[in-house]
1. Looking for something more than 16 Å from ligand 3 (Cβ to nearest atom) and either in a helix (DSSP H, G or I) or closer than 17 Å to residue B:245 by Cα (or both) - is there at least one such residue anywhere in the range B:64-85?
2. Step by step: first the residues of the range B:98-109, then only those that are assigned to a loop (DSSP other than H, G, I, E, B) and facing chain A (nearest Cβ under 7 Å), then the one that is modelled with the lowest pLDDT. Which residue is that?
3. Going by the structure shown, is residue B:203 under 14 Å from the mean Cα position of the chain (by Cα) and modelled with pLDDT of 90 or more?
4. Only one of B:331, B:320 is at pLDDT 90 or above and more than 16 Å from ligand 3 (Cβ to nearest atom); which?
5. Inside the range A:16-34, can you point out the residues that are in contact with a helix residue (DSSP H, G or I) (Cβ under 8 Å, 6 or more places away or on another chain) and part of a loop (DSSP other than H, G, I, E, B)?
6. Identify the single condition in (1) within 14 Å of another protein chain (Cβ to nearest Cβ); (2) not in a helix (DSSP H, G or I) that residue A:164 does not satisfy, given that it satisfies every other one.
Ligand SMILES: Nc1ncnc2c1ncn2[C@@H]1O[C@H](COP(=O)(O)OP(=O)(O)OP(=O)(O)O)[C@@H](O)[C@H]1O
Ligand code: SF4
Ligand SMILES: [Mg+2]
């Protein structure tokens, strides 16, 4: 009961955030010098086409009517046509979303698989040689640019050894897994370093807590102490971090999609920017805003699941 | 409570601690939190350990069940049914911890896992030490919560620690500790964090349970009033060492160590109303910088030359004291401290 009301209140909190994002996007195109309609149209657009865009954006109306129109168009998915791809923006984005979503989840999974166990091992051997080795290795991961790691993997494992395709996304689930393994690993090397650092320090914080000692005083075996009493408590702050590092994940995906030629929204954004495809940029910005909101909502939900103290309404 | 416990020779000893020392490394130095401590606990008795903050009471208890050896070096012997717990491998020690020897921690607010239901936290003890099935564990958990006086126990198993008050959490901890009928309960200041009325209830609860279940208790407290009311025997700690042990009545009526005397004088109930309250001069010693001789020497008004040269050994039979110039009822000219 309280979980549901928590969820709803959390959902309502998204609305103001979203309004602000809409205002910013709305202003963006209108802040450009010259006629927004020209910006939103192909360079070779006819006067007729321009007039059509003006109509859709309501450029002849007062500004608040324009904003109302913008909100309405957005909510109905009418975001105009991409200049670059000559197709409706919504259509283009939905076509590209699955690849990015797959890659993002894949990299999160990788990050957790890499960072989780290593963070634990490092924390439990605090300042020992294992800990120092693990931390140094991740430090290298953190200080190496994502595209560089991507290029190395691409050159050796894909181009030279031919174990992996050098681009694309494949058609079936297993093809996706195969095609996106290197890209996901590339993103994960960076995000796992962040997660590992955070999880390590929260494990260190939790492992000496009184309730852990008390659990030990009960005579519980070590795997229960670590799994039930230490891990869950340590994960709370890591889940927050995971949510907050969604920005990192997105920019990492953007670069990686470009390096590995993955047909995702990250790469689409890059193309849109280079082509000054304003309708597409607008649509993508909105999409990212929605995604970030969903991720934040999700991390909040996971936290509430983990921590009963957050569930009180 | 004290009347039957005078003849220690015939009481079977449940736990025998000999030369227990626990030290932690603090930077380049060694911090000796427990220094060569020896005492015993008889079956069914309540032994009080009193002393100021930082005197090593908690670490003594934690060293008994091997919780301290992860953090420091523990030496000496803790004899439990013929086995030395100090050297016992973790795997075997685990079967004694929480089953035969249970412990209640000092801080009810931080000693329960905030993310797990109270039912689970009681249940996991039962899973470990009993053969009860899921249903049996549930019933036992309810029974335990009822026993420690938690109202509406049936409906509280799925509650989380934050839904309980401090006193109730302390009761939950006691319920967990009692889950598998321990023979010895290590109660580390079970009431300090609570307000006075609840303190009384919790103490009474522990003593009643001890009497009903025939369970021995080591009760750590720094409240001499509490110790006087509840303990059969007392052990006084100072700077990681035992300085005086004996029958509660004797220790309190005729304290021999200068520190015990000072402690007693600082208890408000012991002096005339409206006279100025005595407080021990100085502060507890830093364990990192203990004096060469008696740790109490810098605060002791009765120190003799020897006190700064050597550590006084703990001597005596039923009433032991570690002092070069004890309050020796007429024998010393300094006499009544
Ligand atoms: N893990 C540790 N590492 C280093 N020093 C420690 C550790 N645990 C305890 N100590 C030190 O050991 C000394 C004794 O601590 P202990 O908790 O036994 O005191 P206490 O008598 O229980 O005091 P209080 O009445 O405040 O609970 C303290 O000086 C404390 O700082
Ligand atoms: S040994 Fe000396 S310094 Fe220590 S308490 Fe006794 S008289 Fe005082
Ligand atoms: Mg203590």
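1. Filtering the range B:64-85 down to residues more than 16 Å from ligand 3 (Cβ to nearest atom) leaves B:66, B:69-70, B:73-85.
The next check asks that each one be either in a helix (DSSP H, G or I) or closer than 17 Å to residue B:245 by Cα (or both); those that pass are none.
No, every residue in the range B:64-85 fails to be more than 16 Å from ligand 3 (Cβ to nearest atom) and either in a helix (DSSP H, G or I) or closer than 17 Å to residue B:245 by Cα (or both).
2. In the first step, residues of the range B:98-109 are kept if they are assigned to a loop (DSSP other than H, G, I, E, B); the result is B:98-100, B:105-109.
Applying the additional criterion that residues be facing chain A (nearest Cβ under 7 Å) yields B:98-99, B:105, B:107.
Working: B:98: 93, B:99: 94, B:105: 94, B:107: 88.
Once the filter is applied, the top-ranked residue is B:107.
3. Working: under 14 Å from the mean Cα position of the chain (by Cα): yes; modelled with pLDDT of 90 or more: no.
It is false that residue B:203 is under 14 Å from the mean Cα position of the chain (by Cα) and modelled with pLDDT of 90 or more.
4. After applying the criteria, what remains is B:320.
5. A:32
6. Result: residue A:164 fails condition (1) only.
Here's the yes/no breakdown for (1) loosely packed, with under 14 Cβ neighbours inside 10 Å; (2) closer than 30 Å to residue A:259 by Cα; (3) in contact (Cβ under 8 Å) with a residue 60 or more places away in the chain:
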site: A:30; (1), (2), (3): no, no, no
site: A:48; (1), (2), (3): yes, no, no
site: A:52; (1), (2), (3): no, no, no
site: A:56; (1), (2), (3): no, no, no
site: A:63; (1), (2), (3): yes, no, no
site: A:67; (1), (2), (3): no, no, no
site: A:79; (1), (2), (3): no, yes, yes
site: A:86; (1), (2), (3): yes, yes, no
site: A:90; (1), (2), (3): no, yes, yes
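For every residue, the table says whether it meets (1) within 18 Å of residue A:265 (Cα to Cα); (2) modelled with pLDDT of 90 or more.
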{"position": "A:168", "(1), (2)": "yes, no"}
{"position": "A:172", "(1), (2)": "no, no"}
{"position": "A:179", "(1), (2)": "yes, no"}
{"position": "A:185", "(1), (2)": "no, no"}
{"position": "A:189", "(1), (2)": "no, no"}
{"position": "A:192", "(1), (2)": "no, no"}
{"position": "A:197", "(1), (2)": "no, yes"}
{"position": "A:200", "(1), (2)": "no, yes"}
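The values are calculated or read from the model by the stated rules, or taken from the named source; none is laboratory data. Since this is a predicted model, take the numbers as computed values, not measurements. Please note: Cβ atoms are built from the backbone with ideal geometry, for glycine as well, and neighbour counts cover all protein chains shown.
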